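Single-structure report; data block below.
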Amino acid sequence: MRRGDIYFADLDPIRGSEANKTRPVVVVSHDALNRVVEERRRGVVTVVPLSSNVERVYAFQVLLPAEVTGLPKDAKAQAEQVRALAYERFAPAPKGVLPERYLQALGEALKLHLAL
């Protein structure tokens, strides 16, 4: 499990307007943490959920073409939905890896959303 990996994860149960269902997410936490979580098979990993609703893409979101994600449709990374997920919520293997260019854009979107 590495920063930039795209996994399917079970986001339910949710509250309010949180992203829900089993959906793709991008791992954004530091690789040192990700390694420990994966080795111990417990702990939390920070992710940004993806959505296939790409009609509007805001400054704190990143458009991800299907050809770079390996997903069947274009998606957007929703930095405003950043959250920590327990290891048990993840599918066993990644679906793909976000190219560095898009991972950097997601980092900028997170900075904007979190006012860093």
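The values are calculated or read from the model by the stated rules, or taken from the named source; none is laboratory data. Remember, it's a predicted structure, so these values are computed and weren't measured experimentally. Methodologically, a virtual Cβ is constructed for each residue, glycine included, from the backbone with ideal geometry; neighbour enumeration extends over all protein chains shown.
Observations
- Taking segment 75-110 as the range and being part of a helix (DSSP H, G or I), closer than 17 Å to Ser51 by Cα and in contact with a helix residue (DSSP H, G or I) (Cβ under 7 Å, 6 or more places away or on another chain) as the test, the residues that pass are Ala79, Glu80, Tyr102, Leu106, Ala109, Leu110.
- Test: residue in segment 17-33 that is part of a helix (DSSP H, G or I) and of a type outside the set (Gly, Ala, Ser): yes
- Within the option set Leu63, Leu116, Leu112, being without any contact (Cβ under 8 Å) to a residue 12 or more places away in the chain, more than 14 Å from Ile6 (Cα to Cα) and surrounded by fewer than 18 Cβ atoms within 10 Å (Cβ to Cβ) holds for one residue only, Leu116.
- Subset tally (residues that are more than 10 Å from the chain's Cα centre (by Cα) and either of a type in the set (S, T, N, Q) or under 18 Å from Glu100 (Cβ atoms) (or both)) for segment 1-38: 8
- Of the candidates Gly107, Gly70, the single residue that is out of contact with any Asp or Glu (no Cβ under 8 Å at 6 or more places or on another chain) and at pLDDT 95 or above is Gly107.
- Extreme residue, nearest to Lys73 (Cα to Cα), among residues of segment 30-46 that are surrounded by 12 or more Cβ atoms within 10 Å (Cβ to Cβ) and touching a residue at least 40 places away in the same chain (Cβ under 8 Å): Val45
- The listed residues are Glu80, Glu38, Glu55, and the only one of them that is touching a His at 6+ places or on another chain (Cβ under 8 Å) and either over 12 Å from Gly4 (Cα atoms) or of a type in the set (S, T, N, Q) (or both) turns out to be Glu80.
- Index of the failed condition, Pro72 passing every other in (1) exposed (fewer than 15 other Cβ atoms within 10 Å of the Cβ); (2) part of a helix (DSSP H, G or I); (3) of a type outside the set (Ser, Thr, Tyr): (2)
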